[in-house]
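Below you'll find the structure, written out as structure tokens, and then a few comments.
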Amino acid sequence: MASSQSTTAATTSGQHELLIIGGGVAGLTAATFTARAGIETMVINDGETVLRRNAHLENIPGFPAGVNPRRFADMLRAQATRNGAEYQTGTVTELTGSAEKGFTATITGGQASSDTEREADDESKPTRELTAGQVLTASFPDADYLDEFDIDIRDTDGKQYAEAGELGRTGVDGLYVAGRLAERYHQAVIAAGDGAEAAITLIHDNDIPFYNDWVAPEGYWTDRGREVPPGCEEIDPTEQRARQEAAMAAMQEYFAAPHDQQQRTFPSLVDDERNRLDWEP
Ligand SMILES: Cc1cc2nc3c(=O)[nH]c(=O)nc-3n(C[C@H](O)[C@H](O)[C@H](O)COP(=O)(O)OP(=O)(O)OC[C@H]3O[C@@H](n4cnc5c(N)ncnc54)[C@H](O)[C@@H]3O)c2cc1C
């Protein structure tokens, strides 16, 4: 956890099965899958997903009239943590190690309770280290910390893209990449799907041979004399109703009022004469 030591003395503040670097659309979707698979998952995020700059998100599945992008980003994070992932803010500046020895990430910036507090930008906060057996990176547009590894990085227009192999693998054992960082199409649904794909690949690589994260009604497999497959669950009608009610209550809370966070814009426009940091849509 947080330490009061100086920025020069990194403290090892935790050991995790999986570190996800980047808590945007791809990283948080991946975290939901890995945490639900029982892999102890820590997400480190250094600021805002670019999705928060969108004005109204109209092409994400499941929202016929669109959705406020900041609300959607909040809900992605809530979904990951509700399913058991941990989340901290901070910037990963260095990554070393291997699947054999374990990976160590050096992190600067503070562990804010909310990424909108942007404490991750505060470099006076202590430097800390986290270790993990595996790493999934989705830190668009920053791949500087991957220098140590034999992964091609394409640098263009101030943005970096990391070469992804098949299904999110990188060619480095235990290290996966997803989302826009892997140069996938710049759409939220693609980033989410790509995060899920890399996560399921990682789950398979953890020796779970066949894996579907499904919730099915009671008897779906067992009434046919079959075992409930790994990652799947059967629930009875009472449990089904309880989950539906909890979901309805949560959605009513999320959408009870307009989102209170101001729209941010492209960083180079922020300090211009229109003072667009304070611009509201
Ligand atoms: C103005 C605008 C409007 C858009 N509108 C739409 C739209 O209408 N529909 C649509 O589908 N898509 C839209 N997009 C695109 C969509 O937002 C992206 O494709 C999607 O967010 C990519 O997801 P990602 O997880 O790869 O990256 P992001 O969601 O950006 O997440 C990357 C995360 O990594 C973090 N990070 C970066 N470096 C580090 C580091 N070193 N350490 C720790 N964390 C790090 C970042 O802070 C960020 O939170 C829009 C984008 C913009 C800019």
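Take the Cα of residue 265, step 7 Å along the line toward its Cβ, and report every residue of segment 51-84 whose backbone nitrogen sits under 19 Å from that point.
Residues passing the 19 Å test: 51-57, 69-70.
When the helices in the chain are scored as -39500 (n - 2.57) per DSSP H run of 4 or longer and the sum is shared across all residues, what 222 nm value do you end up with, to the nearest 500 deg cm²/dmol?
One gets -7500 deg cm²/dmol as the mean residue ellipticity at 222 nm.
Can you tell me the dipole magnitude for segment 152-256 around its Cα centre, using point charges on the Cβ only (Lys, Arg +1; Asp, Glu -1), in Debye to the nearest 20?
That gives a dipole near 280 debye.
By how many nm would the segment from residue 222 to residue 244 grow when fully extended, if each residue of separation counts as 0.36 nm and the alpha-carbon distance is taken off?
Contour length minus the Cα-Cα distance gives 5.7 nm.
Give the shape of segment 11-205 as rounded, prolate or oblate, defined through the alpha-carbon gyration tensor: a ≥ b ≥ c are the square roots of its eigenvalues, a/c under 1.5 means rounded, and otherwise the shape is prolate if a/b is larger than b/c and oblate if not.
rounded
If you average the alpha carbon positions of segment 75-95 and of segment 166-198, how far apart do those two centres end up, in angstrom?
Spelled out, the Cα-based centre of one part sits 17 Å from the other.
Treating the beta-carbon of each Lys and Arg as +1 and of each Asp and Glu as -1, no other charges, what is the dipole magnitude of the chain about its Cα centre, to the nearest 20 debye?
In debye, rounded to 20, the chain gives about 620.
Quick one: length gained pulling residue 204 to residue 71 fully straight, 0.36 nm per residue minus the C-alpha distance?
Contour length minus Cα-Cα distance gives 44.7 nm.
Using a 10 angstrom cutoff on alpha carbons, build the Gaussian network for the chain and name the most mobile of 39, 208, 190.
It is 208.
Where does each of 19, 136 land when they are ranked from fewest to most other beta-carbon atoms within 10 angstrom?
Least crowded to most crowded, the residues run 19, 136.
What list of ³J(HN,Hα) values in whole Hz, one per residue of segment 171-183 in order, does the Karplus curve 6.51 cos²θ - 1.76 cosθ + 1.60 (θ = phi - 60°) give from phi, with Gly and Pro shown as x?
After applying 6.51 cos²θ - 1.76 cosθ + 1.60, I find x, 9, 3, x, 10, 10, 9, 8, x, 4, 4, 8, 6 Hz.
What residue among 160, 246, 177 has its Cα farthest toward the positive end of the dipole of segment 158-277, where the charges are +1 on Lys, Arg and -1 on Asp, Glu, each on the Cβ?
My answer, from the dipole projection, is 160.
Throughout, read-outs are computed from the coordinates displayed, never taken from laboratory work. On a predicted model such as this, the values are computed, not experimentally measured, just so you know. Using ideal geometry, Cβ is built from the backbone for each residue, glycine included, and neighbour counts are taken over all protein chains shown.
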